[in-house]
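Some notes on the structure that comes next.
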Amino acid sequence: MLLVILLWGAFLTVLSIFPRESTVAEFEAALRADQVTCVIVFNGDPVRLRWSAGPLLWYDVDRVTNAARVRRDLVHESEVADQRPLVIWRWTSDHDNPHYPSWPFQVPFPGAPWIVGSAWLAALFIMLGAGPPRWGNRWAWFWLFWMGEVGAILFLLLEPRSLWYGLQAQQPIPRPMRGGHGCVLSICLNLVGAGLAAVGISRAVQALADLLATFP
């Protein structure tokens, strides 16, 4: 169950990272029509908006000319709308911090930060309190949890036995990771994620979102 929750949260987070282009007028029209479910406001100069009309469809407004009016509209809709949008306020320099696993606690979907964040903490406590891990010591897994971003998902997939292996006992790993190995691997995972994004993962994610959105 923890793995399913974390995968669900990671999928929603990835969708929000690769939005389509939009305009302020389109955002305001969707807000008045009570179609906006989540808004991420990047406070900076200029202010940027990233908003969704559901968990699969994300849009980006690169430049907000009248930020004060947009803020007023958001506050008003959050108070009176039947479907109150989740509003997340961020500074542009903080939303991509590679030194802290913030995504489980900032999944852009109503109620998801509590659910996914709790699942991440539960996986962390399991890693710290369970028997000796097979693939690496606790320091290695700590770095993968903390800097690798997907350490909790990998831990639940691989420990204490690989999820796809079955119930029989597995042979021990000849050379399990130490703390330094885990730190280097966590940095590599961040670099690989950035590289995949640079070579077009956004188009693949958007195509998948379009396909899923066609289902009732």
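Extension gain for R32 to W114 (0.36 nm times residue separation, less C-alpha to C-alpha distance): 26.8 nm. For F109, F27, the ranking by accessible surface with the largest value first comes to F109, F27, using a 1.4 Å probe.
Need the full-extension length gain, N66 to A25, defined as separation in residues times 0.36 nm minus the C-alpha distance. One decimal, nm.
Extra length available between N66 and A25 comes to 13.6 nm.
Kirkwood Rh, segment 100-156, all Cα pairs: how many Å? For segment 100-156, inverting the mean 1/r across all distinct Cα pairs yields 11.6 Å.
Highest mean packing comes first when the peptides 39-51, 123-135, 147-159 are listed by Cβ atoms within 10 Å, giving 147-159, 39-51, 123-135.
Can you give the percent of C-alpha pairs in segment 129-184 whose distance is more than 19 Å? For segment 129-184, the share of Cα pairs beyond 19 Å comes to 24 percent. Here segment 18-90 has an Rg and Dmax of 10.9, 32 Å, counting Cα atoms alone.
For N43 and M1, a Förster radius of 45 Å and the Cβ-Cβ distance give a FRET efficiency of 0.80, rounded to the nearest 0.05.
The values are calculated or read from the model by the stated rules, or taken from the named source; none is laboratory data. The model shown is predicted, which means the values in this text are computed figures rather than measured ones. All Cβ positions, even for glycine, are placed from backbone atoms using ideal geometry, and neighbour counts span all protein chains on display. Ligands, DNA and RNA are excluded from the accessible area calculation, which covers all protein heavy atoms including side chains. Shrake-Rupley method; radii C 1.70, N 1.55, O 1.52, S 1.80 Å.
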